[in-house]
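Chemist: Here it is, the structure in full.
The values are calculated or read from the model by the stated rules, or taken from the named source; none is laboratory data. Worth saying up front: this structure is predicted, and the values here are computed from it rather than measured. Every residue, glycine as well, gets a Cβ built from its backbone with ideal geometry; the counts of neighbours run over all protein chains shown. SASA here: full protein model, heavy atoms, side chains in, ligands and nucleic acids out. Shrake-Rupley method; radii C 1.70, N 1.55, O 1.52, S 1.80 Å.
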Amino acid sequence: MSNSSFGPRRNVLALSAIVEVGTGVILMIDPLIAGRLLLGEEISGVATLLGRCFGIALLALGLACWPGDPRAESGSPALRGMSIYNALIALYLGYLGTVRHASGLLLWPAVLLHAVVAVLLVRNWRSEHASAASPQ
């Protein structure tokens, strides 16, 4: 890929990442506003809980797609995004089970699964950074 085509692609990727991160944060903070602004409808009940899950996913997607310095060895963006997603969704689902007293059959297995995956991904991320930082 030529240097001249990398600039515009990077700018579009950055714009897209900013939009997704912003939308994700809004959905996490107040899914009611997002429902009104995006759909022109009021949402309530379980839709607000799922809206926050969707917000976490969009935040992680935006962070995974965030363009970095192409010369830097900062690790895999996909690894970064999935680590953030799994950690946040495990915390949020755990919150729903403990504070909101949600009790679906798969809630706690999902919390455990996401927490384990997050730990494994973070370990992988840290070892990737350690191996990149060590002299060859």
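Chemist: Would you mention how many residues in the range 82-135 are part of a helix (DSSP H, G or I) and either open to solvent by less than 90 Å² (accessible area, probe 1.4 Å) or at positive phi (or both)?
Modeler: Here the count works out to 35.
Chemist: A further question follows. Name the single residue, out of those in the range 34-58 being open to solvent by less than 30 Å² (accessible area, probe 1.4 Å) and without any contact (Cβ under 8 Å) to a residue 24 or more places away in the chain, that is farthest from ALA87 (Cα to Cα).
Modeler: The qualifying residue farthest from ALA87 (Cα to Cα) is GLY35.
Chemist: Got at least one residue in the range 21-32 being closer than 28 Å to TRP125 by Cα, surrounded by 15 or more Cβ atoms within 10 Å (Cβ to Cβ) and touching a residue at least 40 places away in the same chain (Cβ under 8 Å)?
Modeler: Yes, the range 21-32 has at least one match.
Chemist: For LEU61, only one of the following conditions fails: (1) within 21 Å of the chain's Cα centre (by Cα); (2) more than 30 Å from GLY7 (Cβ to Cβ). What is its number?
Modeler: For LEU61, the failing item is (2).
Chemist: Let me ask something else about it. When the range 59-72 is examined, which residues are found to be part of a helix (DSSP H, G or I) and open to solvent by 30 Å² or more (accessible area, probe 1.4 Å)?
Modeler: Scanning the range 59-72 gives LEU61, LEU63.
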